[in-house]
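Colleague: Before anything else, here's the structure in question.
The values are calculated or read from the model by the stated rules, or taken from the named source; none is laboratory data. Treat the numbers as computed from the prediction; the structure is a model and nothing was measured. Cβ placement follows ideal geometry from the backbone for every residue including glycine, while neighbour counts extend to all protein chains displayed. Just the protein is used for accessible areas: all its heavy atoms, side chains included, with ligands, DNA and RNA removed. Shrake-Rupley method; radii C 1.70, N 1.55, O 1.52, S 1.80 Å.
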Amino acid sequence: MKLADIPESVIRLIGDVRELGLPAQGHTSVVALATTDSGMYIMKKCVHPLYREWLRKEHRSLRLLHSAGLPIPDVIGYAEEPSGSWLVMSYIEGTRLREFLTTEHRASKREQAIHEYGAALKRIHESPCPAELKRQGDWLDGMLLQARSNLAHHAVDGSAELLAELERSKPDPIEATLIHGDFTIDNVLVRDRAVVGVIDWSGAAFGDPRYDAALAIRPKPNAFERAHDVALFYEAYDGLRLTIEEYRYYEEGLYAFF
């Protein structure tokens, strides 16, 4: 992203941009840290039709959750342009948990960060879900329908055979809660080992908390590769414990289509 790429509709929200930084980001969007006379802001731009829809959902979710008391960005504004969709949010100073766990080797600090991570998910699952996020019908059925659509129209990691197996072997339902929908170590920000931000809320829903928990403990280099890390997470989460079958269904199965 360059300064010249920023549309006038975004400039009107935050003022002239004096400095533009490009923090680490995923594959679905371009993310920039904009510094203006009024402060620092995160700008998120999506071009692909699927990712534009996800950004639209994230904007809606953040607005609905703004008074929930969760550590989430404030929405500054949203703009639909021919060149892409733009979401402007407040800047939360912090380090992604994946980066922290990759570089921090002191056991006590790692353990505290993982404990805070589990506590953050507990807080989300115990928060009241806005009525607007409670859609009719079963959450998992809706996700499987979306997975079939994604398989047909977009590049995904899953296959038709995997989707058919997921449709045949749905786990027994449990009580729905507010869920994040992509609760991973990439979407949680920490500072001084405390969770200060949870980002990327496009998947927020009234859904199955096992999905969040499965994504939370998926192993990455130097993170959740040991049973000790998972045990620390569950100790703080203080809720359900996934069976191996549940973990595989959500993390190795359903997530492959999103």
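Colleague: Filter the range 4-31 for residues that are at pLDDT below 85 and either among the aliphatic types (A, V, I, L, M) or in contact with a strand residue (DSSP E or B) (Cβ under 8 Å, 6 or more places away or on another chain) (or both) and give the result. Let's see the steps before the verdict.
Modeller: Of all residues in the range 4-31, those at pLDDT below 85 come to 4, 22-28.
ALA4, LEU22, PRO23, ALA24, GLN25, THR28, listed by residue number.
Colleague: Taking only the range 248-258 into account, find how many residues are of a type outside the set (A, V, I, L, M, F, W, C) and either open to solvent by less than 40 Å² (accessible area, probe 1.4 Å) or not in a helix (DSSP H, G or I) (or both). I'd like the intermediate steps shown before the answer.
Modeller: Kept after step one, since they are of a type outside the set (A, V, I, L, M, F, W, C), are these residues of the range 248-258: 248-253, 255.
Of the ones still in play, those that are also either open to solvent by less than 40 Å² (accessible area, probe 1.4 Å) or not in a helix (DSSP H, G or I) (or both) are 249-251, 253.
Total meeting the criteria: 4.
Colleague: Determine which member of the set ARG52, ARG18 is more than 21 Å from ARG96 (Cβ to Cβ) and assigned to a strand (DSSP E or B). It would help to see each step written out before you state the result.
Modeller: Values: ARG52 fails: assigned to a strand (DSSP E or B).
Matching residue, one of ARG52, ARG18: ARG18.
Colleague: Could you please give the count of residues in the range 2-32 that are exposed (fewer than 15 other Cβ atoms within 10 Å of the Cβ) and in contact with a Leu (Cβ under 7 Å, 6 or more places away or on another chain)?
Modeller: Here the count works out to 3.
Colleague: If I filter the range 61-100 down to residues being part of a helix (DSSP H, G or I) and touching a residue at least 60 places away in the same chain (Cβ under 8 Å), which single residue comes out as most open to solvent (accessible area, probe 1.4 Å)? Show your work before the answer.
Modeller: Our first condition is that a residue be part of a helix (DSSP H, G or I); within the range 61-100, this holds for 61-64, 97-100.
Adding the requirement that they be touching a residue at least 60 places away in the same chain (Cβ under 8 Å) leaves 61-62, 64, 97-100.
Values: SER61: 3, LEU62: 3, LEU64: 46, LEU97: 0, ARG98: 72, GLU99: 105, PHE100: 33 Å².
Per the criteria, the residue is GLU99.
Colleague: Which one of ARG135, ARG168, ARG123, ARG191 is surrounded by fewer than 22 Cβ atoms within 10 Å (Cβ to Cβ) and over 27 Å from ARG63 (Cβ atoms)?
Modeller: Working: ARG135 fails: over 27 Å from ARG63 (Cβ atoms); ARG123 fails: over 27 Å from ARG63 (Cβ atoms); ARG191 fails: over 27 Å from ARG63 (Cβ atoms).
On inspection, the qualifying residue turns out to be ARG168.
Colleague: Which of the residues belonging to the range 101-157 are without any contact (Cβ under 8 Å) to a residue 24 or more places away in the chain, over 29 Å from LEU65 (Cα atoms) and not in a helix (DSSP H, G or I)?
Modeller: If the condition is that a residue be without any contact (Cβ under 8 Å) to a residue 24 or more places away in the chain, over 29 Å from LEU65 (Cα atoms) and not in a helix (DSSP H, G or I), then GLU104, HIS105, ARG106, ALA155 are the ones that fit.
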